[in-house]
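Below is one structure, written out as structure tokens; the observations come after it.
Coordinate-derived values only; no laboratory data. Fair warning: this is a prediction, and the values are worked out from it, not measured in the lab. Cβ atoms come from the backbone with ideal geometry, glycine included; neighbour counts cover every protein chain shown.
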Amino acid sequence: MKQTIIIQTGHAHESLLKKGLDFSDMFQNIIGNKEVYTYNVFEGEALPSAFSSVDRVIVTGSLSMVTDRAPWMLQTESWLRDAAAADVPILGVCFGHQMLAMAFGGTVGDHPQGTEVGSSAIVLNEMGLEDPLFEGVPNRFAGYVAHTQSVLTFPETAVCLGRSDYEPNHIIRWLPKVYGFQFHPEFTDKVIENSIERIVDKNCVTAIKEGELTESDGDLKTGQILLKRFMQLPR
């Protein structure tokens, strides 16, 4: 049976680990009991050398910064390029989104407005509404966010599918089966509350204002729907 690979790019904060929640656990809580294997690449764990047994890949968030350019980051980016060439569906989230940028010709840096943490209203553009991953999804929905760095530019081979007021490159399709989300589809209220409590740089703490999203818009469960839909993309 082919395996879903979770590339864990760092451990969650110790306050979450004490509750039994690492980044990979948050994803598995949503995608369920599938053939899922977690690789802690930041600790030097080697990824599979062949892709015949790989069904799809999820790249997690991290407390690290992708601009640090550590050797394990460069190695993982090279592996992701090979996986994409082998037609493996890939989803990068937050740090994972930024890692895809570095792997496929984009640039990443500190957001000029500072750290964003909380929840944000994400708006799909015309290309996003036409993308099969977002078929039937409201064009506006809420997403959990916690990041200091952002994707600043992307190449002509990539397509921006959605934005927020704070983050213009919130959702990018890097290749036909390679997606990046700056928001966290795996987060819950408790996880984001933990992030808000411990982040010192709160230059841009955001929250969905009451009444900002209508009944026809999506809510914070939309991310979970998209994550489950990614798991159904054809290999």
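Within region 78-127, the set of residues being within 22 Å of Ala12 (Cβ to Cβ), in a helix (DSSP H, G or I) and of a type outside the set (A, V, I, L, M, F, W, C) comprises Gly96, His97, Gln98.
Taken over region 153-171, the criterion of being within 14 Å of the chain's Cα centre (by Cα) and under 27 Å from Leu21 (Cβ atoms) is satisfied by Gly162, Glu167, His170, Ile171. Residue count for region 26-59 under the criterion of being of a type outside the set (D, E, K, R), assigned to a loop (DSSP other than H, G, I, E, B) and closer than 13 Å to Thr9 by Cα: the result is 3. Tell me which residues, restricted to region 139-154, are buried (at least 18 other Cβ atoms within 10 Å of the Cβ) and over 13 Å from His97 (Cβ atoms). Passing the criteria: Arg140, Phe141, Ala142, Tyr144.
For every residue, the table says whether it meets (1) over 14 Å from His170 (Cα atoms); (2) surrounded by 20 or more Cβ atoms within 10 Å (Cβ to Cβ); (3) β-branched (Val, Ile, Thr); (4) touching a residue at least 60 places away in the same chain (Cβ under 8 Å).
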residue: Trp72; (1), (2), (3), (4): yes, no, no, no
residue: Ala84; (1), (2), (3), (4): yes, yes, no, yes
residue: His97; (1), (2), (3), (4): no, yes, no, yes
residue: Asp110; (1), (2), (3), (4): yes, no, no, no
residue: Gln113; (1), (2), (3), (4): yes, no, no, yes
residue: Ser120; (1), (2), (3), (4): no, yes, no, yes
residue: Asp131; (1), (2), (3), (4): yes, no, no, no
residue: Gly136; (1), (2), (3), (4): yes, no, no, no
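Taking residues in region 2-13 that are basic (Lys, Arg), and partners anywhere that are assigned to a loop (DSSP other than H, G, I, E, B), the pairs with Cβ atoms closer than 9 Å and at least 6 places apart or on different chains are Lys2/Glu35; Lys2/Ser52; Lys2/Ser53; Lys2/Arg235. Of everything in region 207-222 that is among the charged types (D, E, K, R) and in contact (Cβ under 8 Å) with a residue 12 or more places away in the chain, the residue that is surrounded by the most Cβ atoms within 10 Å (Cβ to Cβ) is Asp217.
Results for (1) buried (at least 20 other Cβ atoms within 10 Å of the Cβ); (2) part of a loop (DSSP other than H, G, I, E, B); (3) among the aliphatic types (A, V, I, L, M); (4) in contact (Cβ under 8 Å) with a residue 12 or more places away in the chain, shown as yes or no for each residue.
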site	(1), (2), (3), (4)
Glu156	no, yes, no, no
Gly162	yes, no, no, yes
Asp165	no, yes, no, yes
Phe187	yes, yes, no, yes
Glu193	no, no, no, no
Val205	no, no, yes, yes
Leu233	no, yes, yes, yes
